[in-house]
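Asks: Take this structure, written in structure tokens, and hold onto it; I'll ask about it next.
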Amino acid sequence: FTPDLCTPVSEIGARAEKEGWPTEVKVGLIGSCTNSSYEDMTRSASIARQAQAKGIKFKSLFTITPGSEQIRATIARDGVDQPLRDIGGLVLANACGPCIGQWDRQDIAKNEKNTIVYFLQ
């Protein structure tokens with residue numbers, strides 16, 4: 001285990017198979033505790049509306065972590081969070097933890113092996 005192991009997206013599937021890592025995506029995360037912006041949230045909400053309009057159903061859970069309490073309050077005020085909630089998203093508080101899989105996870109058993117994948121720009 002190492003929290004800073006980096007594998008290119010193009011290689012993650014083969015690496016996961018070789019290492020015996022779980023490959024099922026159980027939870028996705030939109031945002032982060034410190035740098036997801038209002039613009040990030042509005043773009044995500046736009047994608048959510050498009051998915052819902054096309055009848056797309058999600059196979060995994062997903063969470064939304066606004067980059068600050070101000071952003072969380074603003075997306076709630078402006079209704080930006082609603083399209084995300086409408087398709088099953090769970091809006092979490094602005095807090096450290098979800099990026100590394102630490103929240104009240106009800107989708108896996110305690111100590112069950114899981115894989116965390118980040119997509120960095």
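The values are calculated or read from the model by the stated rules, or taken from the named source; none is laboratory data. For clarity, every value in this text was computed on a predicted model and none was experimentally measured. Cβ: placed from backbone, ideal geometry, glycine included. Neighbour counts: every protein chain shown. For accessibility, only protein heavy atoms count, side chains too; no ligands or nucleic acids. Shrake-Rupley method; radii C 1.70, N 1.55, O 1.52, S 1.80 Å.
Asks: If I stretch the segment between Glu39 and Lys57 completely, what's the gain in nm (0.36 nm per residue apart, minus their alpha carbon distance), one decimal?
Replies: Answer, rounded to one decimal: 4.1 nm.
Asks: Ignoring everything except DSSP H segments at least 4 long, calculate the 222 nm mean residue ellipticity for the chain; use -39,500 (n - 2.57) per segment, divide by total residues, nearest 500.
Replies: -10500 deg cm²/dmol
Asks: Further question: Hey, what's the chain come to in accessible area per residue, 1.4 Å probe, Å²?
Replies: Result: 72 Å² per residue.
Asks: Under 5 Å between amide H atoms, partner at least 5 residues away or on a different chain: which partners does Ile64 have, H built in plane at 1.01 Å?
Replies: For Ile64, the qualifying residues are Ile30, Leu90, Val91, Leu92.
Asks: Still on this structure, please answer the following. Taking the Cβ of Ser46 as the centre, find all other residues whose Cβ is under 12 Å away and add up their charges (Lys, Arg: +1; Asp, Glu: -1).
Replies: 0
Asks: Need one word for the chain: rounded, prolate or oblate. Basis is the Cα gyration tensor (sqrt eigenvalues a ≥ b ≥ c); a/c below 1.5 gives rounded, then a/b vs b/c decides.
Replies: prolate
Asks: I've got another one for you. How big is the dipole moment of region 1-80 about its Cα centre under a simple scheme where the beta carbon of each Lys and Arg is +1, that of each Asp and Glu is -1, and everything else is neutral? Debye, nearest 20, please.
Replies: In debye, rounded to 20, region 1-80 gives about 420.
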